[in-house]
There are 2 protein chains.
Amino acid sequence: MDQPEVRELRYFVAVADERHFGRAAERLGIAQPPLSRAIRQLERRLGVQLFERNRRGVDLTEAGRVLQREAVPALDAMAAAVRRTQRAGHPQRPLVLATKAGASHELLRALVDAHAREPGAAPVEVLLCEVGEQAGLLRTGAADVALMHRPVDDLAGFDAEDLLTEGQVAIVPAGHPLAARTHLTLAEAANVPDLPMARWPRLDGTYPDGPGPEVRTQAQLAQLVALGKTLLVIPASSRAWQWPEHVAVPVLDAPSVTTVIAWQPNSRSREIAALVRTAAGLELAGGPAAAH
Amino acid sequence: MDQPEVRELRYFVAVADERHFGRAAERLGIAQPPLSRAIRQLERRLGVQLFERNRRGVDLTEAGRVLQREAVPALDAMAAAVRRTQRAGHPQRPLVLATKAGASHELLRALVDAHAREPGAAPVEVLLCEVGEQAGLLRTGAADVALMHRPVDDLAGFDAEDLLTEGQVAIVPAGHPLAARTHLTLAEAANVPDLPMARWPRLDGTYPDGPGPEVRTQAQLAQLVALGKTLLVIPASSRAWQWPEHVAVPVLDAPSVTTVIAWQPNSRSREIAALVRTAAGLELAGGPAAAH
DNA sequence: GGTTGTGATACCCGTGGGGTATCGGGGCGT
DNA sequence: ACGCCCCGATACCCCACGGGTATCACAACC
């Protein structure tokens with residue numbers, strides 16, 4: 001009953017996701033028989049059956065569902081250890097800062113500029129992601145720090161420093177009656193029959209039901225607003241990516257959103273600490289000091 | 001540049017700990033040459049040098065220190081995934097509750113009794129540990145839940161529910177002048193020349209400097225108090241393991257200690273949730289309700 | 001009842017992880 | 001200063017195991 005190897009867990013996750021040995025094997029770039037054998041070996045090692053082999057694919061057992069939930073973070077931790085080590089081993093390694101494309105543009109510019117002025121600061125590489133990608137990048141070590149938003153993003157498991165607190169605005173199509181308003185309430189913005197809120201995919205890629213259009217990227221969303229198909233409520237600083245056909249209207253009772261710089265608790269290198277300190281020291285309108 | 005396997009990281013950790021290939025190989029139960037080769041292969045896979053081979057053992061490089069810090073949690077996560085899966089796969093699996101031997105005795109008894117009265121509750125196995133072991137047991141999945149103390153134990157990374165808040169008492173040898181007091185202050189207890197505070201080992205097994213005796217277990221400590229060599233300040237409920245030669249004196253200004261039940265955030269099975277709910281529902285003198 | 005689609009089995013090959021024996025090269029003792 | 005010693009590296013061998021191809025077994029479906 002010794003320890004399973006990383007390869008076996010990767011194989012397991014593929015089969016658990018696909019619920020089909022053939023497709024999982026294809027996704028893994030190997031043939032099906034070795035995959036079958038590896039899974040049986042994993043089950044033997046653990047002393048636990050993970051799959052019910054039905055004639056129409058496979059189902060997870062109770063234990064299999066537990067392993068599916070546990071395996072991904074474990075593999076992430078392994079990947080993170082590797083990525084951080086590689087970054088530490090290569091001189092001139094840039095720090096990778098992940099941020100939502102388009103969000104926090106002014107803050108990002110200020111942070112990058114201020115950090116560049118620090119003597120001896122490590123170079124910073126900005127990684128622009130779509131919504132919700134930052135947490136995974138931090139967990140796998142693909143990014144060192146991330147700009148995230150509370151309470152929008154899930155910050156569980158990360159350390160974070162507050163940078164900027166601000167209100168939210170509704171982005172509506174120019175020409176729509178709402179565009180003429182000087183301000184809105186949350187209830188008004190949420191219930192506009194001809195501008196239903198867009199639907200984002202869940203973690204498994206499926207979409208919840210609802211009247212709004214399905215979107216996966218901010219660019220899609222921005223264009224849908226310009227086309228008059230939807231509206232959205234976002235932090236004021238995200239206005240940076242406003243299109244000509246967009247109008248921003250403050251939403252008075254929307255909860256404040258705080259932009260934070262987040263990092264993995266156990267990966268506080270000197271370089272990361274310096275970057276966080278620079279970020280916390282920025283003089284920003286609406287920063288934490290203003291909120292107190 | 002593919003992913004290293006668990007075995008390679010285990011080997012790396014052994015060498016990093018021992019700083020010596022021969023001893024690490026012995027600890028791992030393999031010969032030295034395969035270990036050398038495995039480390040070189042790991043370095044090649046990562047594209048990073050991990051050790052400086054000196055003629056007198058080895059030193060960690062900067063990257064090696066990063067990997068040493070990162071590898072242990074990653075391996076813990078792998079081990080935890082395995083343990084939890086195995087437990088899920090075996091019927092009648094008991095929940096493992098880790099607690100400091102001797103501490104929270106009354107609470108533990110009340111919890112176990114109350115849980116046994118719940119219909120359909122899973123059996124509970126109590127794992128008695130020494131100081132500071134619970135966190136590691138939770139992280140590797142060797143335990144499902146643990147009774148820990150805030151702010152004494154490091155709860156970072158765990159979810160926890162408060163159970164009981166109480167003051168602390170000094171345990172002093174019977175016959176010592178302090179034993180006659182009705183209460184003490186923290187300053188008085190901390191500066192008794194003939195009863196210096198005992199020293200606990202650091203994570204690496206070495207001891208900090210100081211006048212007090214070196215201890216590794218509570219039994220050692222209890223005996224040292226009975227022998228009149230030291231005193232200690234602990235939560236009041238730990239009086240359960242008081243010896244005849246011990247006298248407990250309340251320390252009025254010591255910070256309150258809260259006993260909590262803690263678990264890994266991503267491992268909330270139905271059984272764990274039921275146990276936590278039972279614990280939170282206990283009617284305890286000094287419980288969280290009394291503190292509010 | 002044939003066809004289809006699924007995972008399991010049989011078999012072969014090469015990589016690589018394990019072992020033993022030995023080398024090389026600094027540090028240190030006399 | 002010379003030689004021993006310690007420790008990691010190298011050389012070499014063996015076989016376990018991961019990967020491949022071909023094929024089987026079996027249920028579902030037309």
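Remarks
- Test: A:Leu195 is over 18 Å from the mean Cα position of the chain (by Cα), surrounded by 14 or more Cβ atoms within 10 Å (Cβ to Cβ) and touching a residue at least 60 places away in the same chain (Cβ under 8 Å): no
- Matching residues in region B:5-40 - criterion: being within 14 Å of chain A (Cβ to nearest Cβ) and more than 29 Å from the chain's Cα centre (by Cα): B:Ile30, B:Ala38, B:Ile39
- Among residues of region B:221-235, those that are surrounded by fewer than 16 Cβ atoms within 10 Å (Cβ to Cβ) and in contact with a strand residue (DSSP E or B) (Cβ under 9 Å, 6 or more places away or on another chain), counted: 2
- Criterion: among the β-branched types (Val, Ile, Thr), at pLDDT below 80 and not assigned by TED's automatic domain parsing to the domain that holds A:Ala110 - qualifying residue of A:Thr230, A:Thr206: A:Thr206
- All of (1) within 8 Å of chain B (Cβ to nearest Cβ); (2) at pLDDT below 85 hold for A:Pro73 with one exception: (2).
To keep it simple, each residue is scored yes or no on (1) outside any loop (DSSP other than H, G, I, E, B); (2) surrounded by 20 or more Cβ atoms within 10 Å (Cβ to Cβ); (3) of a type outside the set (A, V, I, L, M, F, W, C).
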residue	(1), (2), (3)
B:Ala14	yes, yes, no
B:Gly22	yes, no, yes
B:Arg27	yes, no, yes
B:Ile30	no, no, no
B:Ala38	yes, yes, no
B:Gln41	yes, no, yes
B:Arg44	yes, no, yes
B:Glu52	yes, no, yes
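- Residue match in region A:90-99 (condition: surrounded by 20 or more Cβ atoms within 10 Å (Cβ to Cβ), in a helix (DSSP H, G or I) and either more than 21 Å from the chain's Cα centre (by Cα) or not assigned by TED's automatic domain parsing to the domain that holds A:Trp243 (or both)): no
- Test: residue in region A:52-66 that is in contact (Cβ under 8 Å) with a residue 40 or more places away in the chain, among the β-branched types (Val, Ile, Thr) and assigned by TED's automatic domain parsing to the domain that holds A:Leu275: no
- Residue satisfying all of: in region B:54-64; buried (at least 16 other Cβ atoms within 10 Å of the Cβ) and more than 10 Å from DNA strand D (Cβ to nearest atom); nearest to the other protein chains (Cβ to nearest Cβ) among these: B:Ala63
- Taking region B:84-99 as the range and being charged (D, E, K, R) and more than 9 Å from chain A (Cβ to nearest Cβ) as the test, only B:Arg93 passes.
- Some residue of region B:238-256 being farther than 15 Å from B:Val169 by Cα, outside the structural domain of B:Ser104 (by TED's automatic domain parsing) and touching a residue at least 60 places away in the same chain (Cβ under 8 Å): yes
- Region A:51-71: number of residues that are in contact with a Lys or Arg (Cβ under 9 Å, 6 or more places away or on another chain) and more than 8 Å from DNA strand C (Cβ to nearest atom): 8
- B:Val48 part of a helix (DSSP H, G or I), of a type in the set (A, V, I, L, M, F, W, C), away from DNA strand C (no atom under 16 Å from the Cβ) and without any contact (Cβ under 8 Å) to a residue 40 or more places away in the chain: no
- Qualifying residue in region A:174-183 (condition: closer than 30 Å to A:Gly157 by Cα and away from chain B (no Cβ under 14 Å)): no
The values are calculated or read from the model by the stated rules, or taken from the named source; none is laboratory data. Note that this is a predicted model, so its numbers are computed, not measured. Every residue, glycine among them, receives a Cβ derived from its backbone with ideal geometry; neighbour counts consider all protein chains shown.
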